[in-house]
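Quick note: the coordinates plus some simple rules give every number you see, no bench work behind them. Since the structure is predicted, the reported quantities are computational estimates derived from the model, not experimental observations. Cβ placement follows ideal geometry from the backbone for every residue including glycine, while neighbour counts extend to all protein chains displayed.
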Amino acid sequence: MTLSPPVALEPLYALSDQALQERIAQAKAQLAERCVILGHHYQREEVYHFADLTGDSLKLSRLASQRTEAEYIIFCGVHFMAEVADILSSPAQTVILPDLAAGCSMADMADLPHVEQAWQALGQVLDCDQVITPLTYVNSTADLKAFCGEHGGSVCTSSNAEKMLQWAFAQREKVLFFPDQHLGRNSSHRLGVPLEEMVLWQPSLPNGGLSEAEIRKARVILWDGYCSVHTMFQPAHVALFRQRLPGIQVIVHPECSFEVCQLADDRGSTEQIQARVRAAPSGSKWAIGTELNLVNRLKKEMPDKEIHFLCPTVCLCSTMFRIDLAHLCWVLENLLHGQVINRIKVPEREAASARIALQRMLNVV
Ligand code: 13P
Ligand code: SF4
């Protein structure tokens, strides 16, 4: 029987944002150094405000491995990020995700049984452990990182995908990249791999929908996964901005399609996009292709620049959005009562293999 926590979630929804903010500030002050709040750039503004440290996935992974003094790491982001924090933090630390339903729909597009099935099917054609390096985007479950750890592979983020692909090619001649086909395709192409040497592995089809000849010829095997937020950005949106505002610079996240990335002036992780726009001269014009919360924040922060959201419709990461003031208040106040809510704990055997894969990445970049 699970006992109800000392502080219930439901009544917190009856409170105003101001009341919640006051309670969060108070709980945070009382917990002091015992607790650190990490916030991803896509978090809604009122939650982001309470983050002690912010960043993209790579920066947050590093921070999680360095902030060993905090007893609790509250991760305002999504599930796979909290898993990475748990894997890289010290055993004495506890990682908490304020809402367990904050997942990543792209990460859900690849699971261990299907990846193992693919590895086996590819093994009918090639000697996988000699020829293929598995490389998982950090937006994936811990067991897939463990799979990479156990098969000589590693992890990449949007800010180091090209370097990690170079690393992967230095190990073996081919790469199996999952779950994001777009990041895999965009980054491989930038390294000079022609599109004809990339194939798409469709996990629902026998042999991924590929012939033996296609598998042999491929240098990169891309998993058929994508981000539903970033695939909203279209080439027509880029064209429209260029027509309306000559001189505008278009910068996008590499989870966008190949066509959109090809048309953009620049691409980068959330941290890199932020840094690029911050460093630009006053008066410069930007159209940004990434999640709305980050773009709105940059707009507000830099009124001296003309900043636009690349898509005419709202592209919001609905799972990131699940972390709200009520959930943050709920987990913090329960900590004050000695109760841990929504702990993220990766089983140690899985964590050990995943750590190997992550450590290979952290050693490279
Ligand atoms: P970053 O690592 O660039 O922050 O990206 C994380 C993510 O999920 C983008 O959709
Ligand atoms: Fe996942 Fe896309 Fe949300 Fe990033 S924006 S967390 S890839 S669903």
Before we move on, is residue 268 in contact with a Lys or Arg (Cβ under 9 Å, 6 or more places away or on another chain) and within 16 Å of ligand 1 (Cβ to nearest atom)?
yes
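Which one of these is more than 16 Å from ligand 2 (Cβ to nearest atom), charged (D, E, K, R) and more than 27 Å from residue 35 (Cα to Cα): 291, 333, 306?
Details: 291 fails: more than 16 Å from ligand 2 (Cβ to nearest atom); 333 fails: more than 27 Å from residue 35 (Cα to Cα).
Sole residue among the options that is more than 16 Å from ligand 2 (Cβ to nearest atom), charged (D, E, K, R) and more than 27 Å from residue 35 (Cα to Cα): 306.
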Taking the range 291-305 as the search range and keeping residues that are under 20 Å from residue 247 (Cα atoms) and outside any loop (DSSP other than H, G, I, E, B), which one is farthest from ligand 1 (Cβ to nearest atom)?
299
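Could you check the range 214-282 for helices (runs of 4 or more DSSP H) lying wholly inside it with 2 or more residues that are within 16 Å of ligand 2 (Cβ to nearest atom) and touching a helix residue (DSSP H, G or I) at 6+ places or on another chain (Cβ under 8 Å)? Can you show your working first?
Numbers: elements: 235-244, 258-263, 270-279.
The helices (runs of 4 or more DSSP H) meeting that bar are 258-263, 270-279.
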Conditions (1) closer than 25 Å to residue 136 by Cα; (2) part of a strand (DSSP E or B); (3) within 16 Å of ligand 1 (Cβ to nearest atom): number failed by residue 288:
(1)
Residue 246: passes all of (1) within 16 Å of ligand 1 (Cβ to nearest atom); (2) free of Cβ contacts under 8 Å to residues at least 12 places away in the same chain; (3) more than 19 Å from residue 158 (Cβ to Cβ); (4) not basic (Lys, Arg) but (1)
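Restricting to the range 306-356, and then to whatever is within 16 Å of ligand 1 (Cβ to nearest atom) and under 22 Å from residue 21 (Cβ atoms), can you tell me which residue is surrounded by the fewest Cβ atoms within 10 Å (Cβ to Cβ)? Break it down stepwise before answering.
We begin by selecting, within the range 306-356, every residue within 16 Å of ligand 1 (Cβ to nearest atom); these are 309-311, 314-323.
Next, from what is left, pick out any that are under 22 Å from residue 21 (Cβ atoms): 316, 320-323.
Working: 316: 15, 320: 23, 321: 17, 322: 17, 323: 27.
Ranking the candidates gives 316 first.
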Checking the condition within 30 Å of residue 14 (Cβ to Cβ) and under 23 Å from the mean Cα position of the chain (by Cα), which residue from 317, 311, 256 passes?
317
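Quick one: which of 217, 174 is in contact (Cβ under 8 Å) with a residue 40 or more places away in the chain and either more than 16 Å from ligand 1 (Cβ to nearest atom) or more than 23 Å from residue 105 (Cα to Cα) (or both)?
On the way: 217 fails: in contact (Cβ under 8 Å) with a residue 40 or more places away in the chain.
Answer to the selection: 174.
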